[in-house]
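Readers should treat all values here as calculations from the given coordinates under stated rules, not as data from a laboratory. On a predicted model such as this, the values are computed, not experimentally measured, just so you know. Heads up, the Cβs are rebuilt from the backbone with ideal geometry, glycines too, and the neighbour counts pull from every protein chain shown.
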Amino acid sequence: MSDDFFPVPSEWAASALLDRDGRKADYQRSIQESDAYWLERAKRLDWHVFPTKTNESSFNEADFGVKWFADGMLNVSANCIDRHLAERGDQTAIIWEPDSPDAEPRRYTYAQVHEQVCRFANVLKNAGARKGDRITVYLPMIPEAAFALLACARIGAIHSVVFGGFSPEALAGRIIDCDSTLVITADEGCRAGRQVPLKANVDAALKECPSVDKVVVVQATGGAVTMQESRDLWLHEEAAKVSADCAPEPMNAEDPLFILYTSGSTGKPKGVLHTTGGYLLWASLTHELCFDYRPGDIYWCAADIGWVTGHSYIVYGPLANGATTLMYEGVPNYPTPSRIWEVVDRHQVQTIFTAPTALRALMKEGDEFVTKTSRKSLRLLGTVGEPINPEAWRWYHHVVGEDRCPIIDTWWQTETGAAMIAPMPGATDLKPGSATLPMPGVVPQIVDSEGKVLDGAAEGNLVIAQSWPGQMRTVWGDHERFFQTYFTTFPGKYTTGDGARRDADGYYWITGRVDDVINVSGHRMGTAEVESALVLHEAVAEAAVVGFPHDIKGQGIYAYVTLNAHEEPTDELRKTLVAWVRTEIGPIATPDVIQFAPGLPKTRSGKIMRRILRKIAEGEVSAQALGDTSTLADPSVVDNLVANRQG
Ligand code: WTA
């Protein structure tokens, strides 16, 4: 960890929305006069009925629940579009940059987004969608992805976006879990010059999903697809037949807005549910504060809409703030490692927001891919998704930002809706690798393994002591799991699953997950999910998966596999198993290493000792590193694992 210090640049200190003292005072007020503070902040949104209530949440079992602004009524799509029409109907809302630098970018004004979204909403209605229905969205990074989300929000349907890189199996599981009746997809996606057969994947998934009766298909590449009569509809054909107006459905602040599946340490991915009022307020407020957003800025979050970052910081936060948001279809290093910076120059981007894994990959290619571009428009550099190592931070700051742009390292989670701990450019002195200080209303604590709250400089488990507006409300279909997962380890507090250190200045340094979740290229994955996929294969008796440090991805996937008695541990089988996991989950879950293990280290009660597996995967195989193995049922398995270590 670094002790470097980057004070707020003087130009920022002079002109920022909040300066050092301003941030401090705002934070204090958010805690000490919480009700008044949040009712005032709520005015940033347009309400059909303005709320009189704010936080009515409890983290205790007796009266457990998360609730904000519960008597307010509003519509998210009206907040992201309609209310801007009078003032900035002709301003660009969305800039779309295609995969290939030779293809034409597209631009949509707020007025055009309004028409697109209204037509889309009417198509969904005609296809039978109603308020409260679940709609699964499986789309590439095209403008229609933003329109789809806003169209769902407009009619009060609950969207569940599934990342376009997930396999048909993974897609089917997510459709079934929330009983979607409708799927929105495209003919194909296009990334790094390659076509992704999205519609064909949907066709395969739907063989297992009887609840779905309509599929709306966006024509994105024009690639050939099979349309199933009476089930499949082309968006462009249907949109031409319907009205360009659709009144937004008035929603209660606590009506669901979306479900987004995310990985935990146990079991299947959970459907994280976010609701209307608190979520939108949180996304919009944090977008403004972290990025000091000013009208006219061109803002680019280079995430995928399949993750929460895409929801909150490509679509909902920026559009609620009347921003110009850039959507990029492709990947950072195609066709060359200069691509991101060329896009910055092409559209004169002020703020770019990306993940450390992308920065590390680009850093490895050499500075000249960056320095040959101008980047003069840049004012702010954001990062999210995993801890940023100080080396990558400095490179981002010095090479990309020419020491001129503050780095906004935002710590948060799918569950938290939007940023929780992050700098504000005019208010926060920076330390490379630290996400710095809590956002308004966020009360982080560091607790030891017994739950004792540690004061001052300390390291331990990161928990949040009270609710904030953007907190998830439940796990779809399993409220008990919501409570059990997040509120029982340290009763009365929200458990983040992350470890953190707080330094003497009160700055937070996230040290990574303390549970069985790994973070591969900023994609969150439960080791249990990869294990379940592996044991589905007929050759596999048992599997244990851990993360290990990886230069580019942050963490790689290391799988220990015990084969059934008659199976041969060949390289061929290793390849088959890697391909198997890709088919079961998707390429993001590709194991980096598979080690065949005749036995796994287990306690006498049969529990796998992952601590030992992690050490071996990290290459830490000394007796000292491995620690006490005497409690194992068979300590000799460790020798075999060490002797056959891969990588
Ligand atoms: C990690 C992504 C360190 C963390 C928004 C968290 C981070 C998990 C940071 C959530 C950061 C995210 N510094 N770690 N700035 N941002 N993480 O749900 O472990 O995909 O718990 O949300 O990513 O991942 P998720």
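I'd like to compare 305-317, 228-240, 557-569, 476-488: which one has the highest average count of other Cβ atoms within 10 Å, and what's the full order after that?
Sorting 305-317, 228-240, 557-569, 476-488 by mean packing, highest first, produces 305-317, 557-569, 476-488, 228-240.
Test of understanding: what is the full-extension gain from Glu572 to Val535, defined as 0.36 nm times their sequence separation minus their Cα-Cα distance?
Details: separation 37, 0.36 × 37 = 13.32 nm, distance 1.72 nm.
In short, 11.6 nm is gained.
About the Cα centre of the chain, what is the dipole size in debye to 20, counting +1 per Lys and Arg Cβ and -1 per Asp and Glu Cβ, all else neutral?
Values: 61 positive and 84 negative charges, 76 e Å.
That gives a dipole near 360 debye.
How much net charge surrounds Asp551 when only other residues with a Cβ under 15 Å from its Cβ are counted (Lys, Arg +1; Asp, Glu -1)? Let's see the in-between values first.
Values: positive: Arg360, Lys364, Lys553; negative: Glu365, Glu386, Glu391, Asp592, Glu618.
Net charge around Asp551: -2.
Taking only the C-alpha atoms, wrap a convex hull around the chain and report its volume per residue in Å³ as a whole number.
Working: hull volume 103.4 nm³, N = 647.
Per-residue hull volume (Cα only) is 160 Å³.
Expressed as a rounded percentage, what relative contact order does the chain have, with Cα pairs under 8 Å and six or more residues apart?
Numbers: 1431 pairs, mean separation 87.8, N = 647.
Over the chain, the number comes to 14 percent.
Take the residue pairs Lys207/Lys241; Lys553/Lys615; Lys131/Lys214 and return only those whose Cα atoms are more than 21 Å apart. Let's see the in-between values first.
Details: Lys207/Lys241 30 Å; Lys553/Lys615 18 Å; Lys131/Lys214 16 Å.
Distance filter (> 21 Å) returns Lys207/Lys241.
Quick check on my link table: of Lys67/Lys270; Lys452/Lys607; Lys493/Lys602; Lys268/Lys607, which ones sit more than 22 Å apart, alpha carbon to alpha carbon?
Details: Lys67/Lys270 20 Å; Lys452/Lys607 27 Å; Lys493/Lys602 32 Å; Lys268/Lys607 20 Å.
Among Lys67/Lys270; Lys452/Lys607; Lys493/Lys602; Lys268/Lys607, the Cα-Cα distance tops 22 Å for Lys452/Lys607; Lys493/Lys602.
Only four residue types carry charge here, +1 at the Cβ of Lys and Arg and -1 at the Cβ of Asp and Glu. Report the dipole size of the stretch 521-644 about the Cα centre in Debye, rounded to the nearest 20.
Details: 12 positive and 16 negative charges, 93 e Å.
So the magnitude is around 440 debye.
Mind jotting down the distance between the C-alpha centroids of the stretch 313-329 and the stretch 481-527, whole Å?
Going from one Cα centre to the other spans 28 Å.
By DSSP, what percent of the beta bridges with both residues in the stretch 521-644 are antiparallel, rounded to the nearest 5?
Restricted to the stretch 521-644, the bridges split so that about 75 percent are antiparallel.
What's the extension gain from Asp179 to Thr226 if we count 0.36 nm per residue and subtract their Cα-Cα distance? Numbers along the way, then the final one.
Values: separation 47, 0.36 × 47 = 16.92 nm, distance 2.37 nm.
Extending this stretch completely gives an extra 14.5 nm.
How high is the relative contact order of the stretch 521-644, given as a whole-number percent (alpha carbon pairs under 8 Å, six or more residues apart)?
23 percent.
Report the Stokes-Einstein translational diffusion coefficient (µm² s⁻¹, integer) for the stretch 492-576, Rh taken as the Kirkwood radius over Cα pairs, at 20 °C with viscosity 1.002 mPa s. Working shown, then result.
On the way: Rh = 15.2 Å.
Roughly 141 µm²/s, to the nearest whole number.
Over its Cα atoms, what ratio of radius of gyration to 2.2 N^0.38 Å does the stretch 288-355 give?
Working: Rg = 11.7 Å, N = 68, 2.2 N^0.38 = 10.9 Å.
Its radius of gyration relative to the 2.2 N^0.38 Å reference: 1.07.
Quick one: Cα convex hull volume of the stretch 215-357, Å³ per residue?
Details: hull volume 29.6 nm³, N = 143.
Convex hull volume per residue, Cα atoms: 207 Å³.
Using the 10 angstrom Cβ neighbour count as an exposure proxy, how do Ile588, Ile594 rank, fewest first? Don't jump to the answer; show the numbers that get you there.
Numbers: Ile588 18, Ile594 24.
Ordered by Cβ neighbours within 10 Å, fewest first: Ile588, Ile594.
Quick one: net charge around Val242, please, counting Lys, Arg +1 and Asp, Glu -1 for every other residue with C-beta under 12 Å from its C-beta.
Values: positive: Arg119, Lys125, Lys241; negative: Glu115, Glu237, Glu238, Asp245.
Its environment carries a net charge of -1.
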